[in-house]
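Notes for the one structure printed next.
Throughout, read-outs are computed from the coordinates displayed, never taken from laboratory work. Because the structure is a prediction, the values reported are computed rather than measured. Virtual Cβ from ideal backbone geometry, glycine too; neighbours counted across all protein chains shown.
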Amino acid sequence: MLFNQVTKEHILLGIKDYKEKGLPNGFGPSSTSNLVLENKEYHPKAVMAYLKFHAVGRKIKRYFEEGF
């Protein structure tokens, strides 16, 4: 997925999904960093998985290697 396909709305939808659904299957807690928005922390890889679903219809699963 190219990041020029990602809009602010996709990111906000990804955060909304994460808040409502939590970690997708196969995801563990974030060990090194978090996405911070309005003083709240979110799992960056989970948000990415959700936003990819909204941006390009990609199935929600763990696509990332360790270290991102």
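Would you pick out the residues in region 31-60 that are over 8 Å from the mean Cα position of the chain (by Cα) and either part of a loop (DSSP other than H, G, I, E, B) or among the basic types (Lys, Arg) (or both)?
Within region 31-60, Ser31, Thr32, Ser33, Asn34, Glu38, Asn39, Lys40, Gly57, Arg58, Lys59, Ile60 meet the criteria.
Tell me, please, whether a residue that is acidic (Asp, Glu), under 15 Å from Ile60 (Cβ atoms) and surrounded by fewer than 11 Cβ atoms within 10 Å (Cβ to Cβ) can be found in region 15-23.
There is at least one residue in region 15-23 that is acidic (Asp, Glu), under 15 Å from Ile60 (Cβ atoms) and surrounded by fewer than 11 Cβ atoms within 10 Å (Cβ to Cβ).
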